[in-house]
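> Next up is a structure, given as structure tokens.
Readers should treat all values here as calculations from the given coordinates under stated rules, not as data from a laboratory. This structure is a prediction, so every number in the text was calculated from the model and none was measured. A quick note on method: Cβ atoms are made from the backbone with ideal geometry, for glycine too, and the neighbour counts reach across all protein chains shown.
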Amino acid sequence: MEEKILKAVFILLGSLALTQLIPRILSLPAKNLPSRHRTIVDFAKQIITLIIYFLGVLIILSIFGIDMTPYLLSSSIIGFAVAFGAQNIIRDMIAGMYLLLEPSFKIGKTVRIGDYVGELKKVTLKNVYLRNEKGDTIIIPNGEIKTIVIKEPTS
């Protein structure tokens with residue numbers, strides 16, 4: 001029993017070390033990146049941390065002889081149901097990743113998205129924020145954006 005506890009402690013320490021090390025490795029090139037790329041790097045760090053802890057818990061439970069098959073099956077079914085219910089959020093986040101990587105879609109530019117025209121103030125994984133000429137902030141979910149017109153400055 002003491003051997004199993006010792007293995008579990010080493011796995012927890014290893015998981016903790018990995019969750020501290022991997023984000024730092026990802027942060028090295030992120031220091032000089034634009035804010036939109038840093039958003040994607042931060043998102044990747046969170047996903048990697050979640051995966052490391054999840055795998056660590058699975059390994060610890062298997063060390064103590066707990067069969068993980070039924071739990072993995074039920075969690076995959078629950079995950080499928082949650083993903084089906086949250087498909088709009090997932091659609092917004094995927095569209096947001098593409099918008100963040102688009103080089104001509106920059107903060108400060110004047111854009112027209114659907115019926116809205118304004119200065120691009122902020123782009124996140126979920127929403128785009130515009131400020132119109134009246135000073136109102138318009139929040140548009142990324143998944144609802146079909147066409148973007150970027151107004152180039154006239155010389």
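> At 0.36 nm per residue, and after removing the present C-alpha to C-alpha distance, how many nm does the segment from V82 to S104 gain when stretched out fully?
On the way: separation 22, 0.36 × 22 = 7.92 nm, distance 3.42 nm.
This chain segment gains 4.5 nm when fully extended.
> Let's test the formula: R0 of 41 Å, r as the Cβ-Cβ distance of L16 and I94. What FRET efficiency results, to the nearest 0.05?
Numbers: r = 31 Å, r/R0 = 0.75.
In this case the efficiency is close to 0.85.
> Listing D136, D42, D115 from the residue with the fewest other Cβ atoms within 10 Å to the one with the most, what is the order? It would help to have the intermediate numbers written out before the result.
On the way: D136 10, D42 15, D115 6.
In increasing order of surrounding Cβ atoms, one gets D115, D136, D42.
> Take every Cα pair under 8 Å in the chain that's 6+ residues apart, average their separations, divide by the length, and report that relative contact order as a whole percent.
Details: 163 pairs, mean separation 27.7, N = 155.
Reported relative contact order: 18 percent.
> Need one number: the % of Cα-Cα pairs in segment 107-151 sitting beyond the 13 Å mark. Present the calculation step by step, with values, prior to reporting the outcome.
Working: 465 of 990 pairs.
In whole percent, the long-distance tail amounts to 47.
> Any chance you could count the Lys pairs in the chain whose alpha carbons are under 13 Å apart, treating pairs 8 or more apart or on different chains as valid? Don't skip to the end; give the middle numbers.
Working: K106/K121; K106/K122; K106/K151; K109/K121; K109/K122; K109/K151.
For the chain, qualifying lysine pairs total 6.
> Here is a follow-up. Kindly provide the helix-only [θ] at 222 nm of the chain, computed as the sum of -39,500 (n - 2.57) over DSSP H runs of four or more divided by all residues, to the nearest 500 deg cm²/dmol? Walk me through the numbers before you get to the answer.
Numbers: 4 runs with 90 residues, N = 155.
Counting only the DSSP helices, I get -20500 deg cm²/dmol.
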